[in-house]
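The values are calculated or read from the model by the stated rules, or taken from the named source; none is laboratory data. Quick caveat: nothing in here was measured; it's all calculated off a predicted structure. Cβ: placed from backbone, ideal geometry, glycine included. Neighbour counts: every protein chain shown. Accessible surface is based on the protein model in full, side chains and every heavy atom, while ligands, DNA and RNA are left aside. Shrake-Rupley method; radii C 1.70, N 1.55, O 1.52, S 1.80 Å.
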Amino acid sequence: MKKLVCALALLLPMGGLNALELVKEESVLNFVTVKNDAVAELMSFSSLTGSIDDATGKAELIVDLSSVETGIDIRNDRMREHLFQIDKFPSATYSATVEMANLNAMAVGEQKNIELRGELKLHGKTAPVVFKVIVTKRSDESFHAATSSPAFISANSFELAPGIGKLRSLAGLQNIDLVVPVTFSVVFQ
């Protein structure tokens, strides 16, 4: 019986029975890189997980860094190896707290502008990151959250500049910006 209870506990979402879970098929995280001061490219991650504890409002978004999608296979591989170093740092985690009472009180179709003040853990470092987000309550009682403006993430905050330097060298570029805008559109149900 004890083994059964432990097994069931492992299957429960992060916040127990009252957690909202990220809907992977409806969620995306994008970032833009700029090379040689003139060429901007949209990139994304295809594997996200996350949850929001309904009781505490603790929200967590986990990014599988191996799922980076740049549109070029060799660049994906180089970013995994030289920038993210996924063998040592396989994921990034953004954590924040949301006011669930305010969100749960929303009417279907209603939107709220909120500011997420949280922490990003990336490459063994942690730094504060603020996202401005528009939250919409959907008819199925899920919540859609999309950034209303990008957050700007500095490579220097996470000691990623040497990896960017290696990517620049491998690609024969003059430079790659060390600050990237990040946006997301996620659904929690």
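Please give the per residue accessible area of the chain, computed with a probe of 1.4 Å over protein heavy atoms only, in Å².
Per-residue value: 56 Å².
Test of understanding: in a Gaussian network model of the chain with alpha carbons linked when under 10 Å, which of VAL179, VAL130, VAL39 would top the mean-square fluctuation ranking?
Comparing VAL179, VAL130, VAL39 in the GNM, the peak value goes to VAL39.
On a 0 to 90 degree scale, rounded to 10, what angle separates helix 2-11 from the longest Cα axis of the chain?
With both axes taken from Cα atoms, the answer is about 60 degrees.
Just to be sure I understand: with springs between alpha-carbon atoms less than 10 Å apart, which residue in GLN174, GLN85, GLN111 has the highest mean-square fluctuation in the Gaussian network model of the chain?
GLN174
Would you work out which of GLY71, GLN174, MET43 lies farthest towards the positive end of the dipole of the chain, given +1 charges on the beta-carbon of Lys and Arg and -1 on that of Asp and Glu, about the Cα centre?
Selected residue: GLN174.
Who wins for biggest fluctuation among SER51, SER139, SER91 in a Gaussian network model of the chain, springs between alpha carbons below 10 Å?
SER139
Around HIS144, what is the net charge, scoring Lys/Arg as +1 and Asp/Glu as -1 over all other residues with Cβ under 10 Å from its Cβ?
+1
What translational D, rounded to a whole number of µm²/s, comes out for the chain from Stokes-Einstein when the hydrodynamic radius is the Kirkwood one over Cα pairs, at 37 °C and 0.692 mPa s?
Using the Kirkwood radius from Cα pairs, D works out to 184 µm²/s.
The chain: longest stretch without exposed GluC sites (Glu not before Pro) (DSSP loop, at most 11 other Cβ within 10 Å), sites themselves excluded?
Of all site-free stretches, the longest is 1-98.
Which FRET efficiency value, to the nearest 0.05, do you get for ASN102 and ALA171 by plugging their Cβ-Cβ distance into 1/(1 + (r/R0)^6) with R0 = 45 Å?
Taking R0 as 45 Å, the efficiency between ASN102 and ALA171 is 0.50.
Could you grab the Rg to Rh ratio for region 118-181? Cα atoms only, Kirkwood for Rh.
1.15
Contact order normalised by length for the chain, with contacts defined as Cα pairs under 8 Å and 6 or more residues apart; what percent is it?
24 percent
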